[in-house]
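Each remark here refers to the structure printed beneath this line.
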Amino acid sequence: MVINTSAALLDAIVLAVVAREERGTYGYKITQDVRQVLELSESTLYPVLRRLQKDGCLTVRDEACNGRNRRYYEVTTAGRERLEKFRGEWDAYTSQINKLFRGEL
């Protein structure tokens, strides 16, 4: 089954993945982590990362890795606050959908 993922939900998923790493993580690893639960291409991920950075939810730093630069993304305080808001909304949303699926509404 394929369920479309909205931009807001994709933002929340990316923030959740990046927030797991105290010192941040890099784009390829984010893609691989998200792909464990849904299909995501790097061409979809990078605009999300740029949008979250522009919104002040992520900071970016470059670090040398095997002779190349690797860009690391780290969640800011504003990003953690947004993630907590997403989590609360997600819990309320899925609770209502589950009630509907079970015939409780």
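The values are calculated or read from the model by the stated rules, or taken from the named source; none is laboratory data. Remember, it's a predicted structure, so these values are computed and weren't measured experimentally. Here the Cβ is made from the backbone with ideal geometry for all residues, glycine too, and neighbour counts use every protein chain on show.
What to note about this one:
- Sole exception among (1) part of a helix (DSSP H, G or I); (2) without any contact (Cβ under 8 Å) to a residue 60 or more places away in the chain for Leu15, by number: (2)
- The C-beta contact set for region 56-78 (first residue in contact (Cβ under 8 Å) with a residue 12 or more places away in the chain, second residue exposed (fewer than 12 other Cβ atoms within 10 Å of the Cβ) and of a type in the set (Asp, Glu), distance under 8 angstrom, 6+ apart or interchain) comprises Arg70/Asp62; Arg71/Asp62; Tyr72/Asp62.
- Some residue of region 75-95 being touching a Leu at 6+ places or on another chain (Cβ under 6 Å), surrounded by 12 or more Cβ atoms within 10 Å (Cβ to Cβ), modelled with pLDDT of 95 or more and farther than 17 Å from Ala8 by Cα: no
- Test for Glu22: is it part of a loop (DSSP other than H, G, I, E, B), at pLDDT below 95, more than 12 Å from the chain's Cα centre (by Cα) and closer than 18 Å to Glu84 by Cα: yes
- Pick from region 1-19, criterion under 16 Å from Glu74 (Cβ atoms) and small (Gly, Ala, Ser), ranking: farthest from the chain's Cα centre (by Cα): Ala19
- If only residues of region 25-75 that are assigned to a helix (DSSP H, G or I) and hydrophobic (A, V, I, L, M, F, W, C) are counted, the one that is nearest to Ser6 (Cα to Cα) is Val48.
- Residue among Leu49, Leu45 that is modelled with pLDDT under 95, in contact with a Gly (Cβ under 7 Å, 6 or more places away or on another chain) and surrounded by 12 or more Cβ atoms within 10 Å (Cβ to Cβ): Leu45
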